[in-house]
């Protein structure tokens, strides 16, 4: 299968699973509020999304390096679909904990496999473009997920909304099982496979952290993804506190994703002119400023404008950090580096919702947004260090 055709196949899978993933986060936040959960309990729910990705990220990377793409994607998407069906069958708070754990565990296997496949489809400018296209598909999925969930909640209720978004990972399974010529099906180093050559000696995963440029990029990538996740976590809480409907909250979140889509279209041209590190540093600092403004905005139109500005910054930062991580990984350890990225990301994803949930309960949402701005500024500082 030619690379351009393959990218369309990959983008289709990314679109489906990201729609389900982002939609489930809106659902779990609003449903838990409906069931009377406190901000701390909501923080625990969001943190559970990151439990198994933190524990299994490295394993998923090594498994992808060894087995290829198809098995991790099918297994991960199946786990997501099953987990999303649980709150439909048992619409109570305990089911939401099961859903959070199951979606997170399934997503890690799918996500590492797809990212490693994309990184191996080309080098240099091709890799930047491929990761930008990957990010575009994520943006569309992130746009559709909250939108679908918000309108489904208002029209069908919470339980049936879960069944609606459970369809999307099933579509991913159909797509990948139909793509029989997909490279990397049986692991790298075998016939017809793509990506970096496999490592031939036993390695310790955390040795990768000794690589200073890779280490800084891993931390910066974690900060950016934490900023994105906290927006999806706290925007529904903040929107609910100022009286927005579920549909309007979904629209604001979708505006954020639309901005990410727009900026990712131009990433290859921007990077070609200014360079990956300089662009990454600028967008991180701009996102920090936007987070400082957000808690002081309550008008719906202005809130959509702030969400759009934040989407421009974080939407540009995510594919750039992915490109730098893949490029700086040692030969044969690209999947491992991406798995380590997920482990670090999800450690911060577990800690920050619990920390910010406690802060939000005690002091309100303003300190949460300001703390996140400080984390982004630290990521910009690391990016600026040569």
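Throughout, read-outs are computed from the coordinates displayed, never taken from laboratory work. Computed from a predicted model, the values in this text were never measured in an experiment. Reconstructed Cβ throughout: ideal geometry from the backbone, glycine too, with neighbour counts over all protein chains shown.
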If you take the C-alpha gyration tensor of the chain, multiply each eigenvalue by 5 and take the square root, what semi-axes do you get, largest first, in whole Å? 31, 24, 19
Across the Cα atoms of segment 278-333, what radius of gyration and what greatest pairwise Cα-Cα distance (Dmax) are found, in Å? 14.9, 50
Using only C-alpha positions, report the orientation-averaged shadow area of the convex hull of segment 71-113, nm², one decimal. 2.4 nm²
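What does the extension gain come out to for residue 355 and residue 156, with contour length at 0.36 nm per residue minus their alpha carbon separation?
Gain in length upon complete extension: 68.3 nm.
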Name the residues of segment 15-55 whose amide N is less than 11 Å from a point 7 angstrom out from the Cα of residue 92 along the C-beta direction? none
Averaging over every viewing direction, what projected area does the convex hull of the Cα atoms of segment 208-344 cover, in nm²? 8.7 nm²
Please compute P(r) over all alpha-carbon pairs of segment 215-295, binned at 10 Å starting from zero, and give each bin as a whole-number percent. 15, 43, 31, 11, 1
Of every Cα-Cα pair in segment 129-181, the percentage lying beyond 12 Å is 71 percent
Just 240, 299, 216 to compare: in a GNM of the chain, with alpha carbon springs under 10 Å, which one fluctuates most? 299
If one takes the longest principal axis of the Cα atoms in the chain, at what angle in degrees, from 0 to 90 and to the nearest 10, does the Cα axis of helix 70-89 lie? 10 degrees
I need 336, 34 ordered by Cβ neighbour count within 10 Å, fewest first. 34, 336
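In what order do 356, 88 fall by count of nearby beta-carbon atoms within 10 Å, going from fewest to most?
Working: 356 23, 88 17.
Going from sparsest to densest Cβ surroundings: 88, 356.
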Taking the convex hull of Cα positions in segment 1-153, its mean projected area over all directions (nm²): 9.4 nm²
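For residue 212 and residue 297, calculate 0.36 nm times their separation in residues minus their Cα-Cα distance, and state this gained length in nm to one decimal. Please list the in-between numbers first.
Working: separation 85, 0.36 × 85 = 30.60 nm, distance 3.87 nm.
Net length gain for the segment: 26.7 nm.
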Which order do 49, 232 fall in if you start with the one that has the fewest other Cβ atoms within 10 Å? 232, 49
Would you mind checking segment 210-233 for residues with the amide N under 11 Å from a putative spin-label position 7 Å along Cα→C-beta of residue 378? 220, 223
Based on the alpha-carbon gyration tensor of segment 100-157 and its eigenvalue square roots a ≥ b ≥ c, which shape applies: rounded if a/c is under 1.5, prolate if not and a/b is larger than b/c, or oblate? oblate
Counting only Cα atoms, I'd like the Rg/Rh figure for segment 203-245, Kirkwood definition for Rh. 1.34
So which residue, out of 322, 208, 340, gets the largest mean-square fluctuation from a GNM of the chain using Cα contacts under 10 Å as springs? 208
Rg followed by Dmax, in Å, when segment 66-145 is reduced to its Cα trace: 15.4, 49
